[in-house]
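Here's the structure we're looking at; comments come further down.
Just so it is clear, none of the values below were taken in a lab; they were calculated from the coordinates. Owing to the predicted nature of the structure, the values given are computational and were not obtained by experimental measurement. Neighbour counts are summed over all protein chains in view; Cβ atoms, including those assigned to glycine, are modelled from backbone coordinates with ideal geometry.
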Amino acid sequence: AAAENNAATISKYLALSYGYVGHGQPASSIVRTAEDEEFVAADRSMQDVCFSSLAGSEHVKAISAGQDFVIFERKVGEWTHRFRSRFVAMGEGLPAKVEQVTEIVPPKPFPQSTLSFPLNKELGEAGCLFQSALVLCNMLADPATSLHAFTSGAKVVEVGSGTGVVGIAAAILGTSVVITDLPHVLPQLQNNVSVNLQQGSAARDRISVVPLAWGNTEHEAALGKFDLVLCSDCLYREETHQVLLQSLEALSNPDTLVVMALEIRRPPLEANFFTIAQSRFSIQPVEVPFKEDNDVKLWFMRLKA
């Protein structure tokens with residue numbers, strides 16, 4: 001029973017932390033500040049779990065002097081995805097400050113040992129790191145896959161970048177890459193670039209952060225055409241499908257490879273996107289070439305001549 005309660009606490013904590021509450025609504029629409037009651041209650045419950053004897057369980061492990069914990073860890077292909085929480089005492093009677101970060105540990109011989117992405121709850125989905133992004137990271141880094149060829153000399157853009165993990169990994173691998181999102185997400189992207197890529201390094205010089213609101217013709221024209229367009233978990237809002245397709249078309253020529261990766265959550269909604277897309281793109285389902293536990297689906301798309 002204790003283990004079940006522990007797992008339930010962790011599930012709720014991760015749901016809140018990753019920007020969702022209740023009935024699948026973004027947390028920003030319900031939880032407005034870090035002091036809101038639901039967040040505070042979840043943080044306190046997680047503190048109890050972490051500092052109890054259950055902290056040594058498969059769910060939670062301490063990684064420093066009693067206040068820094070791995071809450072969640074899994075393998076996606078050869079990459080490790082973990083979620084960390086550090087509880088910082090704020091004074092008598094005050095709730096602890098919770099510093100949360102997603103860490104990605106690539107396999108050797110990837111040039112960097114760890115990538116770190118501080119959690120931004122205010123951005124909802126854009127502040128989350130989804131498993132489909134790590135599928136793309138695996139494929140870019142693996143010489144056995146066709147995507148690896150784009151890490152040398154290709155012009156690459158990531159649309160709906162969110163945390164920027166795919167673009168940052170691509171830059172470290174040697175790719176000249178542009179990461180894009182809505183203007184209000186750009187500070188997060190810029191911060192994540194700064195956290196993970198040293199100023200003045202070759203990788204830092206290879207990456208650019210640029211606004212792209214899907215369907216915005218000025219943004220699209222400023223970006224131009226690319227050899228590879230990467231898109232992970234961008235289909236969760238049906239009302240954006242048409243403008244996303246407009247942008248994918250604007251960034252492509254017939255030789256451009258568009259890669260769509262996503263976890264299937266609402267099959268009719270996601271299928272509708274590909275039904276619309278097939279009038280403009282040839283679409284090929286591609287098997288994910290390694291083990292991952294969220295059933296990520298992958299498509300290669302090319303603009304019809």
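Let me spell out the model: positive unit charges on the Cβ of Lys and Arg, negative unit charges on the Cβ of Asp and Glu, origin at the Cα centre of the range 71-211. What dipole size does that give, in debye rounded to 20?
Charge dipole of the range 71-211: 220 debye, to the nearest 20.
For the range 169-270, which trypsin sites (Lys or Arg not before Pro) pass both filters: DSSP loop (anything but H, G, I, E, B) and at most 11 other C-beta atoms within 10 Å? Display every interim value, and only then the final one.
Working: sites: R204, R206, K225, R237, R265; in loops: R206, K225, R237, R265.
Filter output for the range 169-270: R237.
Which whole-Hz ³J(HN,Hα) couplings does the range 133-146 yield from phi under the Karplus relation 6.51 cos²θ - 1.76 cosθ + 1.60, θ = phi - 60°, glycine and proline marked x?
Each residue's phi maps through the Karplus curve to give 5, 6, 4, 5, 4, 4, 6, 5, 7, 8, x, 7, 9, 5 Hz.
Q67: net charge of surrounding residues, Cβ under 15 Å, Lys/Arg +1, Asp/Glu -1, itself excluded? The partial results should precede the final answer.
Working: positive: R44, K61, R84, R86, K97; negative: D43, D48, D68, E99.
Neighbourhood net charge equals +1.
What is the Cα convex hull volume of the range 82-238 when expressed per residue in Å³? Working shown, then result.
Details: hull volume 20.6 nm³, N = 157.
Normalising the Cα hull of the range 82-238 by residue number yields 131 Å³.
Do you know the relative contact order of the range 218-305, to the nearest whole percent, from alpha carbon pairs under 8 angstrom that are 6+ apart?
Working: 131 pairs, mean separation 28.8, N = 88.
Value for the range 218-305: 33 percent.
Enumerate the calculated ³J(HN,Hα) couplings along the range 195-209 in order (Karplus 6.51 cos²θ - 1.76 cosθ + 1.60, θ = phi - 60°), each rounded to whole Hz, writing x wherever the residue is Gly or Pro.
Computed from phi, the couplings for the range 195-209 are 5, 9, 10, 5, 4, x, 6, 4, 5, 5, 6, 8, 10, 10, 10 Hz.
Nearest 5 percent is fine: what portion of the DSSP beta bridges confined to the range 44-199 is antiparallel? All intermediate terms of the calculation are to be shown ahead of the outcome.
Details: 23 of 27 bridges.
Counting DSSP beta bridges with both partners in the range 44-199, the antiparallel share is about 85 percent.
Within a Cβ distance under 12 Å of A277, other residues only, what is the Lys/Arg minus Asp/Glu net charge? List each step's numbers first, then the result.
Working: positive: R280, R302, K304; negative: E249, E270.
Cβ neighbours under 12 Å give a net charge of +1.
Hey, which of these cross-link pairs are over 28 Å Cα-Cα: K225/K297; K75/K225; K108/K155?
Numbers: K225/K297 25 Å; K75/K225 34 Å; K108/K155 25 Å.
Flagged as over cut-off: K75/K225.
Can you tell me the order of 166-174, 189-197, 100-108 when each peptide is scored by its average per-residue count of other Cβ atoms within 10 angstrom, highest first?
166-174, 189-197, 100-108
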